[in-house]
Amino acid sequence: MQPDYTELSQQDMAKQLKERLNKSSSERLGLLTSIDGGQLALLMLNPVKGTCSVLESPIENNTYKAYTSNFAQFHWFERALFDMFGIVAEGHPRFKHLLLHEQYEKDFYPLRKVPLPENFKSPIERTYQFLEVKGEGVYELPVGPIHAGVIEPGHFRFSCFGETIVNLEIRLGFLHRGVEKRLTEVPWQKAHFVAEAVATDTACANALAHAEAIESIAQVEVPERAKFLRSIALEIERLAVHIIDIGGMCTDIGLLGISATAGRLRGNALRMGDLLSGSRFLRAFIMPGGVRQVEEARLGEIKAGCQQLRKDLKPVWAMFLENQMAIERMTDVGVISYSLANEFGLVGVGARAAGINYDVRQYFPCGKYPEYAPPPVVEKGGDIFARERVRIGEVWTTLDTIEKLIDNIPHGDVKVEMPRELPKMAWGVGIVEAFRGELIHMISTDMNGNIRRYAIKDPSFDNWTAISIGIRNQLIADFPLVNKSFALSYGGNDG
C-alpha cells in the first residue's frame with residue numbers, strides 16, 4: 001500500500017494529531033519512528049477508507065513535546081524512538097530506556113545517521129530505574145529474564161501486598177537483534193529472508209507484510225493465484241498458533257488432557273503449512289512478486305485436513321468451554337476495559353475481546369482481503385475467558401476461510417518479475433492481520449533507490465502494556481494465565 005505523504009511543522013503535527021486521533025475520528029496510530037534522527041515520521045491508518053498516510057515533521061535541537069501526555073498509545077513508541085535515535089520526548093511521564101540495556105554505551109543510538117547537537121546530553125542514565133511501590137507490607141517479586149523451558153527472555157517486576165499484585169513493570173529488549181538496521185543493509189531482493197525471521201512463529205505474516213511493502217513501492221501487482229495462496233498461508237499460520245495458544249492456557253489451568261490433544265492437533269495444522277509451502281512454519285514461501293508454486297493436489301489435501309480438524313476440535317473446545325474450573329479461573333480475571341483497550345491502542349485478540357471491532361482483514365487490501373475476510377469475532381468483558389472465546393471463534397472462521405479460498409482459487413501464474421531497482425524517495429507500507437493482530441512493515445527509499453529506513457511494528461508492541469493493566473489487583477497465581485491469554489512475542493517486540 002502506498003501512503004499519502006505530508007510534511008508538517010511540529011506545531012501543525014500536534015494539531016493534526018488532536019484532530020485525527022480524537023474519539024470521533026476513524027483514524028488510528030500505526031507507528032511512530034524517524035528516518036535518520038532529524039525528524040519524526042508518523043504512520044496514520046484510516047480503516048474506514050482503507051488508506052494510510054505518513055506525516056513527517058523536522059525537529060529542532062533533537063527534542064519535541066511528548067505526545068504521550070495526550071495519547072497514551074505513544075508511550076512505548078517515544079521510548080523506543082529515544083533508544084534508536086536519541087530523540088527526546090520532553091514531558092513524557094515515564095521516560096526511560098525501552099530496548100537498549102546497561103551494556104550499551106550511554107550515547108549509543110544505533111539508527112541515528114545525522115550528528116547529535118554539540119550540546120546534547122542524555123536526560124537519563126543507562127541504568128534502568130524500576131518504579132518503586134512503597135508502603136508497609138509491600139514487597140517486590142522479580143521474575144526472569146531467564147525462564148524455565150524454551151520461553152524467551154523478559155523481566156517482570158511485581159510489587160505485591162500479600163498475594164495481591166499492586167503493580168507490574170515489564171522490561172524487555174533482551175532479544176534486540178538490530179533487525180530493522182539489517183534490513184537496510186542486505187540487498188532488498190534477499191531481505192525477505194530477514195523479514196520473516198523477526199518472529200519465527202509469525203514468519204508468514206512478516207513475509208507477507210514485507211512483500212506488500214516492497215510491491216507497493218515498486219508498483220507491482222501480483223497474480224490473482226498468488227493472492228489466494230498468500231491468504232491461505234496466513235490463515236494456516238493463524239490456525240496453528242491459535243490451537244497451541246488455547247492448549248497453553250489449558251496447561252496453566254491444569255487441563256493436561258486438553259492441552260496434549262491441542263498439541264497433537266496443532267501438528268495437523270502445521271502439516272497443512274508443509275503441504276502448501278514445504279515448510280511447517282511456512283518459511284521461504286512468500287516473497288516480493290508472489291509465492292512459490294503449489295501442486296493442485298495439495299490444496300485438496302489441505303481442504304480435507306480442514307474438514308477433519310473441524311471434527312477433531314469440536315469436542316475438545318466444548319470440553320474446555322464447559323469445564324467449571326476453567327471458567328472460574330478465567331472469568332473476571334485480567335480484565336481490560338473497552339476504554340483502556342482503545343486508549344492504549346490494543347490490537348488483535350486482546351482488543352476484540354474488549355469489544356473493539358477491528359480486524360485488519362476487514363479494511364486494508366492484502367492478499368485476497370477484504371474480499372474473503374471473515375466476520376470479526378468480538379466479545380465483551382475483556383477478561384481471560386473472553387480472549388479464549390475469541391481465539392476459539394477465530395479457529396472456526398479460519399477453517400471456513402481456508403476452504404472458501406481453496407474452492408475459489410484460480411489457475412495461472414504465481415509470481416511476476418520484480419524490477420531490478422526500487423523507485424527513488426518512495427514509501428511503501430504492508431499491513432497484515434497476523435494471529436496476534438495488526439502487523440506493520442514501513443519502508444522508505446533514498447535518492448538512489450536504496451532502503452534508507454525499514455520500520456516494523458509487531459502487534460505485541462501495542463499489547464504488552466495490557467498485561468500490566470490486566471494483572472493489577474489480581475493474585476500472583478493468576479499472572480501465568482493473564483500472560484498466556486495475550487500470548488505475546490518477546491522477539492517480535494524487541495526487533
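The values are calculated or read from the model by the stated rules, or taken from the named source; none is laboratory data. Predicted, not measured: the structure shown is a model, and the values here were computed from it. Quick reminder, even Gly has a Cβ in these numbers, built from the backbone with ideal geometry, and neighbours come from all protein chains shown. These accessible areas exclude ligands, DNA and RNA; they are computed on the full protein's heavy atoms, side chains included. Shrake-Rupley method; radii C 1.70, N 1.55, O 1.52, S 1.80 Å.
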Single condition residue 353 does not satisfy, out of (1) open to solvent by 10 Å² or more (accessible area, probe 1.4 Å); (2) small (Gly, Ala, Ser); (3) within 30 Å of residue 470 (Cα to Cα)
(1)
Quick one: would you say residue 287 is open to solvent by 60 Å² or more (accessible area, probe 1.4 Å) and either more than 24 Å from residue 434 (Cα to Cα) or not polar (S, T, N, Q) (or both)?
no
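In the list 164, 127, which residue meets the criterion of being in contact with a helix residue (DSSP H, G or I) (Cβ under 9 Å, 6 or more places away or on another chain), open to solvent by 20 Å² or more (accessible area, probe 1.4 Å) and on the phi < 0 side of the Ramachandran plot? Write out each step before concluding.
Working: 127 fails: in contact with a helix residue (DSSP H, G or I) (Cβ under 9 Å, 6 or more places away or on another chain).
None of the others qualify; the one that does is 164.
Taking residue 349 as the residue in question, decide whether it is outside any helix (DSSP H, G or I) and under 30 Å from residue 68 (Cβ atoms). Outline the logic, then answer.
Values: outside any helix (DSSP H, G or I): no; under 30 Å from residue 68 (Cβ atoms): yes.
When the stated conditions are applied, residue 349 does not pass them.
Check 34, 53, 57 and return the single one that is polar (S, T, N, Q) and over 23 Å from residue 181 (Cβ atoms). Talk me through it step by step, then tell me what you get.
Values: 34 fails: over 23 Å from residue 181 (Cβ atoms); 57 fails: over 23 Å from residue 181 (Cβ atoms).
None of the others qualify; the one that does is 53.
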Count, please, the residues in the range 141-195 that happen to be in the same structural domain as residue 418 (by TED's automatic domain parsing), assigned to a loop (DSSP other than H, G, I, E, B) and more than 20 Å from residue 99 (Cα to Cα).
3
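Results for (1) free of Cβ contacts under 8 Å to residues at least 24 places away in the same chain; (2) out of contact with any Phe, Trp or Tyr (no Cβ under 6 Å at 6 or more places or on another chain); (3) crowded, with 21+ Cβ neighbours inside 10 Å, shown as yes or no for each residue.
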{"position": "397", "(1), (2), (3)": "yes, yes, no"}
{"position": "403", "(1), (2), (3)": "no, yes, no"}
{"position": "413", "(1), (2), (3)": "no, yes, no"}
{"position": "420", "(1), (2), (3)": "yes, yes, no"}
{"position": "426", "(1), (2), (3)": "no, yes, no"}
{"position": "433", "(1), (2), (3)": "no, yes, yes"}
{"position": "450", "(1), (2), (3)": "no, yes, no"}
Which numbered condition residue 113 fails, given (1) touching a residue at least 24 places away in the same chain (Cβ under 8 Å); (2) charged (D, E, K, R); (3) within 22 Å of residue 91 (Cβ to Cβ):
(3)
Meets criteria (over 30 Å from residue 453 (Cα atoms) and assigned by TED's automatic domain parsing to the domain that holds residue 432) for residue 270:
yes
